[in-house]
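S.K.: Just dropping this structure here.
Read-outs: derived from the displayed coordinates by stated rules, not from any lab. These figures come from a predicted structure and were not determined experimentally. Reconstructed Cβ throughout: ideal geometry from the backbone, glycine too, with neighbour counts over all protein chains shown.
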Amino acid sequence: MDLLVLIAEKYGFKEVSWVRKPEVIMTHLGKRKLSYWRERDLLEYHLNFRDRLFSKCGILCNRMIRTIDQEAFIPIHQGYLSVHDSVQDEFAFDQFPEMEGYLLSSLIGVSVDVNNYCGFTTFPYRETVKALGRIKALYLEPYLLLISLIPEVKKRLSHNKSISQLSIPISNHSIKEVMGQLYFESSDEEPVPVYEVLPKAMHVWYEKKDQEEFKQCFKALFDEVDRETSNLLIQTIIAPWDWWSCIQSLQYEGVNVNQVMEEFVEKWEAMKKITCSVQLSISEGRVSVIE
């Protein structure tokens, strides 16, 4: 059966045609976007996450439109197909800078209920030190700098090196607007560990926003979470991922050492400024936001 005929039959659409094959169709209700899935587990993850994001946080997103029979997707010969609203307008973050922090907080909150974690459970300190030892003979000066920072690395790790074990569907997403409301358009990709997302977000916010906007974003990230979660997220942010990433990069064959070290120093210094800007306390055995 022709795909457009199948979609029209299952969803009750009239006058279905291609706008941009194979991603966008036109129906009597307007444009709709199509997603194609090979893995049922990933489809189920996105289905549950998007439904809960709307019901728990009230954030609009590219949820699966139900068929006439109230199914969230239909089987096709390559796997599965789901249908979504097509939204064009970009959200005006310049008017509501805190919404980036609120969005991340909401995604993390939903991931507690719909998790698909795969990665580190604690910061890989011992493994990273071993890797650092292996590059000693290759790049002596970078090695000496990196090893000299170990006392500061341990301070940033606080007492127990715990990090968030959650993951969120944030890669290649886009933020749209529907009648003035935030609309989160998730890609169909695997979720990403929060320990990868948060430090990168801090650096992007710090580089692109003025200090007041950065503080608003940061505050919004923590406004809706409890103290235990807050402490865990702060520890995840300040853990020395810049140090870890630098050491990982130096192990690749043909790496541009000067470029890697320049980027590392830049990120290391930026994190110092970030922790100072939002008044993060990093003391023995605890991390906190100073009120």
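S.K.: Using the crude model of +1 on Lys and Arg Cβ and -1 on Asp and Glu Cβ, and no other charge, please compute the dipole size for the range 153-216 relative to its Cα centre, in debye to 20.
M.R.: Charge dipole, the range 153-216, about its Cα centre: 620 debye, nearest 20.
S.K.: Can you tell me, using C-alpha contacts under 8 Å and at least 6 residues apart, the relative contact order of the chain as a whole percent?
M.R.: On the way: 404 pairs, mean separation 52.4, N = 291.
Here the relative contact order equals 18 percent.
S.K.: What lysines could a cross-link reach from K273, if we take a straight Cα to Cα line under 26 Å and drop same-chain neighbours fewer than 8 places away?
M.R.: Reachable lysines: K154, K155, K161, K200, K208, K209, K215, K219.
S.K.: Looking at the calculated P(r) for the range 137-232, what percent of the C-alpha pair distances fall above 23 Å?
M.R.: 47 percent
S.K.: Among L138, S174, S158, which residue has its Cα positioned farthest towards the positive end of the charge dipole of the range 104-232, with +1 placed on the Cβ of Lys and Arg, -1 on the Cβ of Asp and Glu, and the dipole taken about the Cα centre?
M.R.: The Cα lying farthest towards the positive end belongs to L138.
S.K.: How large is the dipole of the chain about the Cα centre if only Lys and Arg carry +1 and Asp and Glu carry -1, each at its Cβ, rounded to the nearest 20 debye?
M.R.: 560 debye
S.K.: Okay, moving on. Nearest 500 deg cm²/dmol is fine: what mean residue ellipticity at 222 nm does the chain get from its DSSP H runs of n ≥ 4 alone, each adding -39,500 (n - 2.57), divided by its residue count?
M.R.: -14500 deg cm²/dmol
S.K.: Which shape class, rounded, prolate or oblate, goes with the range 45-106 when its Cα gyration tensor gives a ≥ b ≥ c as root eigenvalues, a/c under 1.5 marks rounded, and past that a/b bigger than b/c marks prolate?
M.R.: Prolate shape, in that a/c is at least 1.5 and a/b is the bigger ratio.
S.K.: Once you have the Cα-Cα distance between A92 and V24, take 0.36 nm times their residue separation minus that, and quote the gain in nm to one decimal.
M.R.: Values: separation 68, 0.36 × 68 = 24.48 nm, distance 2.44 nm.
Net length gain for the segment: 22.0 nm.
S.K.: Let's see if you can work this out: charge +1 on each Lys and Arg Cβ, -1 on each Asp and Glu Cβ, no other charges. What is the dipole magnitude of the range 46-198 about its Cα centre, in debye to the nearest 20?
M.R.: It works out to roughly 1080 debye.
S.K.: Right, next: Once each part is reduced to its C-alpha centroid, what is the distance from the range 177-213 to the range 1-20 in angstrom?
M.R.: Centre-to-centre (Cα) distance: 34 Å.
S.K.: Fully extended, how many nm does the chain gain between S55 and S277 (0.36 nm per residue separation, minus their Cα-Cα distance)?
M.R.: 76.5 nm
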